[in-house]
Amino acid sequence: MVDFRQKPDICKGRSALRRVYLDHNATTPVRPEVVEAMLPFLQERFGNPSSIHSFGREAREGMEKARGQIAAAIGADAADIVFTSGGTEADFLALKGVAYHNRSRGKHIIISAVEHHAVLDTCAEFLTAGEFDLTVVPVDRSGIVDPDAVRTAIRPGTILISVMYANNEVGSVQPVPQIAAIAREHGVIFHTDAVQCLGKIPVNVRELNADLVSLSSHKVNGPKGAGALWIRPGTRWAPINHGGGQERARRPGTENVPGIVGFGEACSLAVAELEVKAAELRRLRDRLVEGVYEALPGVLVNGEPERCLPNTAHFCIAGADEEAVLTALDAHGIAVSAGSACVSGSRAPSHVLTAMGVPAEAARCSLRVSLGYGNTDADVEYFVQVLRQVVAHRER
Ligand code: PLP
C-alpha cells in the first residue's frame, strides 16, 4: 500500500518557493499509480473501445476493468455505471434525464439551497423555460438539510428530489439515507451528487438508498474529464444525448478511455485507504482549525466538524479583505479557495453561506481549506503561521 502521506512531487520543475496545496475540494493531484495505469491507454492501447479489432478490444478491456473498480468502490453493479465527462455532466444527465422522462407524471422538483451550480443552474434553466416548478429547501446554520423539510415540500406531481451528499464549500454531509427513504416512501426519484465524497467518507449506493449518484474523477486523485452517473436499474430515466450507441446508448460519444482507466485506479486506491486516510485528514483538519482559532481569536468557523467532510475547514475572518488574504497566501505558495463570489466587482457571500445564514459582513472574508493526498503536519503549521502574519499585516 502506498503511504498517502508521502509528499507527491506536485511542484516538480517549479521555482524553489515553498508551495502548499490546500485546495483539494477544487481538484486533486493525480496519483503516480494512476498515471502509471493510464499511460498504456495514451500510448499503445489507444484503440476505440467500440471497435471490434484487437486494438478496440484492448481499450474496452481497460475501460471495463475501470467500470468494475468504480462499481466496487460504491457497492454497485458495473452494468449500472454510465461514464460521463465529470461531475457536472453526471448531474445534468441525472436531472434532465429524469425530469424530461417523467413530464407526464408531474412537473415539480425539489433541491437543497446548497447544491453545486451543476444542479442549481440546470434547475434555473428548467424554470426559465417554464417547464418545471422548483422548491428549494433551506439548510440550518451548519449547512444541513432537515429531512422533514423535504417531506413537507413533496406534493402531488413531485417527480424528483436532488440533495447533494456533501457540500463542496463548507463540507456539510447531508442525511441522504433519510431523505432518500422519504423520497422512496412517496414514489419520488432521488438523486445525490456525491462528487466530494469518494475517498473522504464511505459511498455505498445501497446504504444511500438513492436512485442516481454522481461521481467525478478529479476530486479523488484521478484525471480531469472523467466522471460517472450510477443509475439504479428500473429508474424512470432516459438519455438526453444522441449519437453512437456507447454506454448502452445511455451516454453516446466515444469514451475517454485513459481518463476512465485513471478514474478506476483512483477509486480502488481511495477505497482501500479510506479508513486510514479519513482519520489522518480529520486529525490534520482539526489541528488546522485549532491553529486558526489560536492565531486569530474571534474567527468564525463554519460547519460542524462531526457532520462535515474530514478534510474541509471553512472560516470567516472579520475585518479582513478576502482577495488580499488569498493573494498574500498565494505569494507564500499557499493555495486555498475563496468562500465568496465576485459579483459585479465586489465580493458577495456565496449562495451556500447565504443559505446558512452567515451574516454578509462576516462572510466578506471567508476561506475554504481542503486537505488531501500529500498534506502533512508541516503544511498545516506553515499555513497557520503564514495566515497569522498575513492577517496581522493587513490589520496594521
Ligand atoms: N458537484 C460538486 C459537489 C462539485 O464539488 C463539483 C466540482 O467542483 C461538481 C459537481 C462538478 O464536477 P466536475 O468538475 O467533475 O464537472
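For this structure, a couple of remarks:
- Of all residue pairs spaced 6 or more apart or on separate chains, those with beta-carbon atoms under 8 Å, a first member in segment 110-122 that is farther than 21 Å from Arg155 by Cβ and within 11 Å of the ligand (Cβ to nearest atom) and a second member that is of a type in the set (D, E, K, R) and in a loop (DSSP other than H, G, I, E, B) are Val114/Glu169.
- Among the residues making up segment 243-266, a single one is within 22 Å of Ala26 (Cβ to Cβ) and in a loop (DSSP other than H, G, I, E, B): Asn256.
- Search result, residues across segment 146-172 that are closer than 30 Å to Ser370 by Cα, among the hydrophobic types (A, V, I, L, M, F, W, C) and surrounded by 24 or more Cβ atoms within 10 Å (Cβ to Cβ): Val150, Ile161, Val163, Met164, Ala166, Val170
- Condition met for Gly187 (farther than 30 Å from Gly264 by Cβ and within 13 Å of the ligand (Cβ to nearest atom)): no
- Flag for Thr27 being in a loop (DSSP other than H, G, I, E, B), within 23 Å of the chain's Cα centre (by Cα) and under 28 Å from His351 (Cα atoms): yes
- Enumeration of residues in segment 140-170 that are within 16 Å of the ligand (Cβ to nearest atom), hydroxyl-bearing (Ser, Thr, Tyr) and free of Cβ contacts under 8 Å to residues at least 60 places away in the same chain: Tyr165
- Inter-residue pairs, beta-carbon under 6 Å, first within 15 Å of Lys200 (Cβ to Cβ) and in segment 371-385, second among the aromatic types (Phe, Trp, Tyr), 6+ apart: Tyr373/Phe4
- So Ala266, is it surrounded by fewer than 17 Cβ atoms within 10 Å (Cβ to Cβ), under 27 Å from Arg18 (Cα atoms) and within 20 Å of the chain's Cα centre (by Cα): no
- Subset of segment 326-344 that is modelled with pLDDT under 95 and crowded, with 22+ Cβ neighbours inside 10 Å - its residue that is farthest from Asn167 (Cα to Cα): Ser340
- Of all residues in segment 198-216, those being more than 9 Å from the ligand (Cβ to nearest atom) and either crowded, with 24+ Cβ neighbours inside 10 Å or charged (D, E, K, R) (or both) number 10.
- Residues of segment 217-242 classified as assigned to a loop (DSSP other than H, G, I, E, B) and either away from the ligand (no atom under 16 Å from the Cβ) or surrounded by fewer than 24 Cβ atoms within 10 Å (Cβ to Cβ) (or both), total: 14
- Scanning segment 64-95 for residues that are surrounded by 19 or more Cβ atoms within 10 Å (Cβ to Cβ), out of contact with any strand residue (DSSP E or B) (no Cβ under 7 Å at 6 or more places or on another chain) and of a type outside the set (Gly, Ala, Ser) turns up Gln69, Thr88, Phe92.
The values are calculated or read from the model by the stated rules, or taken from the named source; none is laboratory data. Note that the structure is predicted; figures quoted are calculated from it, not measured. Because the Cβ atoms are built from the backbone with ideal geometry, glycine has one as well, and the counts that use them run over all protein chains shown.
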